[in-house]
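Novice: Structure in structure tokens, see below.
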Amino acid sequence: MRLFIFAFTLTLAFSLSHGRNLVSIRKDAFVVGVNKSDSATEYNFISEITAKMKFSKFRIITFENVSAGQKMLLDGKIDAMISKMDYFPYLDNKFLISEPYGKAEMAVAALAKNDEILTLANLDEKKMVFIPRDVSNEQILSIWKNSKPNAVQNLGDALNLLKKREVDVVIASRQSLDAQKDSSLRIFPNRLLENNAVALFAPDSKDLQKEFNKALKIETTALRHTGELYGKASLTALQGVEIFVHSTGDSAIKKMEQEISNKIKQRMENAKVPITTYGSGNGGALKLLLTGFKKKEGDYFIYASLQLHQRAYLAVSHEYMDSQTWDRWRMGIFKEKEIYSEIEDMAREFANDFLSANGF
């Protein structure tokens, strides 16, 4: 009897200290551990990955800190854990680690009627409202020592405070603000934070890690809306662009639209970047957004943003949406010729990235 109990205990200990195989997980559910503060943020990502790994179900278990999560993983209570790379100053051979994924672009939003151009440098001492799941109070204060941040639970409450002028700016994820589609907002392209998240697996879970990484590559290729592909990487296999120029400045600024459009088009043609129709195949919309005014001295105060927008398929809702995947911007006081020169420089950067990403 003692021998049986010993054998049973040994078997149980062995099973608890090693990861389950793929067959066992498919019969039950893929169990993922996440930090308690990140559980809502990671839910959509885990559901997408689980579907691509052909698991019919998944469960999320939260842990208080990374050490607790690692213990759960080694004890066999979870199949994988997801956490930020910053939490792992070193990793020994106790774990298998996936490729880092995810880029959460934080953005600054203000009322559209506000003429002020907001940059990272001039946000200090502003009254801010932020969403804790997107950015923490500590992260804001580490950038802006004299800011006055206030936390709210959702973006709707933040926008209401902004419209009532009780706060100056909203800090949230770029994806959240873009999805709001609120014409009363101005969103500034400020990349504040990167979410370098990784998945950890038990040392004998190589098959599971392999399936996860395979699904991750599908995810980052197909779902550009999540922000995992941004910048030069998003231009791979881009078939061409349609050019749009839109200004919201005074009449002197609006007069520049056609000349700007011609210069961008000429730059694309010189670089052999195809001009196509947005939405046809894997084409994009290259948008130049210009705002500003002419000063009494004859110079112009402008903010110009060159953005690439691509269609992205949302697997959750089975619909397409517009997603910004590349951008450059300029701001300052320029003469008219300098404005054209700065915009041409941004167009040149885009063309160079396009050629580099596609191996020309």
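Novice: For the subset of the range 209-236 comprising residues that are crowded, with 16+ Cβ neighbours inside 10 Å and in contact with a Lys or Arg (Cβ under 8 Å, 6 or more places away or on another chain), which member is modelled with the lowest pLDDT?
Specialist: Going through the qualifying residues, I end up with GLY227.
Novice: Please go through the range 153-173 and pick out each residue that is of a type in the set (A, V, I, L, M, F, W, C) and more than 21 Å from the chain's Cα centre (by Cα). Walk me through how you get there before you give the answer.
Specialist: The initial filter retains those residues of the range 153-173 that are of a type in the set (A, V, I, L, M, F, W, C), namely 155, 158-159, 161-162, 167, 169-172.
Scanning the range 153-173 gives LEU161, LEU162, VAL167.
Novice: Here's something else I'd like to know. Scan the range 281-333 for residues that are of a type in the set (Val, Ile, Thr), surrounded by 19 or more Cβ atoms within 10 Å (Cβ to Cβ) and either at pLDDT 85 or above or not in a strand (DSSP E or B) (or both) and jot them down. Even if it seems obvious, please write down each step before you answer.
Specialist: Going through the range 281-333, the residues of a type in the set (Val, Ile, Thr) turn out to be 291, 302, 316, 325, 333.
Checking the rest, the ones that are also surrounded by 19 or more Cβ atoms within 10 Å (Cβ to Cβ) come to 291, 302, 325.
Across the range 281-333, the qualifying residues are THR291, ILE302.
Novice: Still on this model: Restricting to strands (runs of 3 or more DSSP E) lying wholly in the range 125-174: which have 2 or more residues that are of a type in the set (A, V, I, L, M)?
Specialist: Values: elements: 127-130, 148-151, 169-173.
Qualifying strands (runs of 3 or more DSSP E): 127-130, 169-173.
Novice: Which number in (1) in contact with a helix residue (DSSP H, G or I) (Cβ under 9 Å, 6 or more places away or on another chain); (2) at pLDDT below 80 marks the one condition that VAL170 misses?
Specialist: The one condition VAL170 does not meet is (2).
Novice: Any residue in the range 337-346 that is within 30 Å of ALA51 (Cα to Cα) and either at pLDDT 90 or above or not in a helix (DSSP H, G or I) (or both)?
Specialist: Kept after step one, since they are within 30 Å of ALA51 (Cα to Cα), are these residues of the range 337-346: none.
Among the residues of the range 337-346, not one is within 30 Å of ALA51 (Cα to Cα) and either at pLDDT 90 or above or not in a helix (DSSP H, G or I) (or both), which makes the answer no.
Novice: Modelled with pLDDT under 80 and within 23 Å of ALA215 (Cβ to Cβ) - does that describe any residue in the range 69-83?
Specialist: So the first thing to find is which residues in the range 69-83 are modelled with pLDDT under 80, and the list is 83.
Narrowing further to those that are within 23 Å of ALA215 (Cβ to Cβ): 83.
Checking the range 69-83: at least one residue is modelled with pLDDT under 80 and within 23 Å of ALA215 (Cβ to Cβ).
The values are calculated or read from the model by the stated rules, or taken from the named source; none is laboratory data. Since this is a predicted model, take the numbers as computed values, not measurements. Here the Cβ is made from the backbone with ideal geometry for all residues, glycine too, and neighbour counts use every protein chain on show.
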